[in-house]
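The values are calculated or read from the model by the stated rules, or taken from the named source; none is laboratory data. No experiment lies behind these values; they were computed from the predicted model shown. Backbone-built Cβ (ideal geometry, glycine too); neighbour counts: all protein chains shown.
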Amino acid sequence: MHNPPYTLITGASEGFGKALALECASRGMSVILVALPGDSLRQLALFIERNYMVSALYFEHDLTKKDECYNLYKNISEKGLRVQTLINNAGIGGTHLFQEKDASFYQHQIALNVAAPTFLTYFFLPLLQQHPHSYILNVSSMAGFFALPRKQVYGGTKSYLLAFSKSLRSELRHKQVHVSAVCPGGMNTTLALIIQNRNLSGMSRWSVMDPEVVATVAIDGMLQHKEVIIPGKLNRFFMLLDKLMPRWIRELLINRQMRQPNASSLADAGEISLRPRVEAA
């Protein structure tokens with residue numbers, strides 16, 4: 001097809017975003033990949049086209065800037081590309097005490113985790129509504145459900161994405177724009193995280209998943225119009241325990257787990273804190 005419907009994925013060059021891109025391509029979905037400038041994005045687009053026989057386009061933008069979010073929409077709109085699915089995956093993670101980071105770090109984190117998916121959804125919604133059925137998938141996190149020490153701002157941004165997704169879903173339910181939120185726990189998205197996750201203990205280690213597995217669950221859930229997608233039996237078990245346990249026991253367990261030296265992967269979606277995840281999930 002000369003101008004197929006596209007799935008737009010932010011933070012697509014590595015990590016969870018790359019896994020989502022490959023999963024979509026394997027299902028015959030043409031993709032638009034978005035990330036910061038770098039060779040890996042172009043290489044991924046070429047790999048997808050050669051191996052999956054779908055169209056793979058890429059755009060390099062810094063989504064922490066509102067103007068760049070609009071420029072991305074403008075570039076795609078002017079090219080006449082048909083966007084049927086929007087996957088807001090880009091984000092910045094991190095595990096630290098609140099005052100260990102400069103205020104500029106939190107400004108950057110909120111810009112990418114909260115403002116960018118909000119602006120992109122706003123800009124691209126008219127294009128999505130041109131299709132009989134379209135999809136929005138926001139990548140939240142298990143951290144969005146819990147009050148986790150050392151993940152105060154990150155958890156807040158993921159709680160926002162969860163609430164935003166649910167409210168928008170209700171608003172668009174009669175317009176055939178299906179909104180979902182996927183809430184992964186820890187993932188083996190980078191070599192550093194794989195090494196860290198091996199040092200976890202108990203259920204924390206068992207709950208860590210490979211991004212390829214999570215991507216399959218996420219896209220399945222999105223296409224099935226699920227409101228909230230929680231990959232992994234253990235993660236769903238944690239959600240059940242959260243409803244059944246007394247609060248003081250929950251807080252005791254959470255504080256104990258977050259004191260682990262490698263607690264950064266316990267309840268994030270595999271984000272990295274060294275560079276904005278316009279390119280990694």
Residues that are more than 14 Å from the chain's Cα centre (by Cα), hydroxyl-bearing (Ser, Thr, Tyr) and within 19 Å of THR85 (Cα to Cα), drawn from the range 11-62: SER26, SER30, TYR52, SER55, TYR58
Flag for ILE48 being farther than 24 Å from VAL177 by Cα and of a type in the set (A, V, I, L, M): yes
Going by the structure shown, is GLY221 surrounded by 14 or more Cβ atoms within 10 Å (Cβ to Cβ), at pLDDT 85 or above and not in a helix (DSSP H, G or I)? no
Within the range 80-98, is there a residue that is part of a helix (DSSP H, G or I) and surrounded by 14 or more Cβ atoms within 10 Å (Cβ to Cβ)? no
Scan the range 66-81 and tell me whether some residue there is modelled with pLDDT of 95 or more and in contact with a Pro (Cβ under 8 Å, 6 or more places away or on another chain). no
Based on this model, can you work out whether ARG50 counts as charged (D, E, K, R), surrounded by fewer than 18 Cβ atoms within 10 Å (Cβ to Cβ) and touching a His at 6+ places or on another chain (Cβ under 8 Å)? no
Starting from residues that are of a type in the set (A, V, I, L, M) and over 18 Å from SER167 (Cβ atoms), keep the ones in the range 117-144 and report whichever is farthest from the chain's Cα centre (by Cα). LEU127
Does at least one position in the range 192-213 carry a residue that is at pLDDT 90 or above, basic (Lys, Arg) and either crowded, with 19+ Cβ neighbours inside 10 Å or outside any loop (DSSP other than H, G, I, E, B) (or both)? no
Among the numbered criteria (1) in contact with an Asp or Glu (Cβ under 6 Å, 6 or more places away or on another chain); (2) charged (D, E, K, R); (3) closer than 19 Å to LEU223 by Cβ, which one does ARG82 miss? (1)
For the structure I just gave you, tell me whether PHE119 is touching a residue at least 24 places away in the same chain (Cβ under 8 Å), surrounded by 17 or more Cβ atoms within 10 Å (Cβ to Cβ) and of a type in the set (Phe, Trp, Tyr). yes
Mind checking whether some residue in the range 30-39 is assigned to a helix (DSSP H, G or I) and modelled with pLDDT of 95 or more? no
Over the range 38-68, the set of residues free of Cβ contacts under 8 Å to residues at least 60 places away in the same chain and small (Gly, Ala, Ser) is ALA45, SER55, ALA56
What residue, among those in the range 123-176 that are in a loop (DSSP other than H, G, I, E, B) and free of Cβ contacts under 8 Å to residues at least 24 places away in the same chain, is surrounded by the fewest Cβ atoms within 10 Å (Cβ to Cβ)? HIS174
VAL54 is checked against (1) more than 27 Å from GLN109 (Cα to Cα); (2) not in a loop (DSSP other than H, G, I, E, B) and fails just one. What number does that condition carry? (2)
Run TYR154 past the list (1) more than 12 Å from the chain's Cα centre (by Cα); (2) within 21 Å of LEU86 (Cα to Cα); (3) hydroxyl-bearing (Ser, Thr, Tyr) and report the number of the one that doesn't hold. (2)
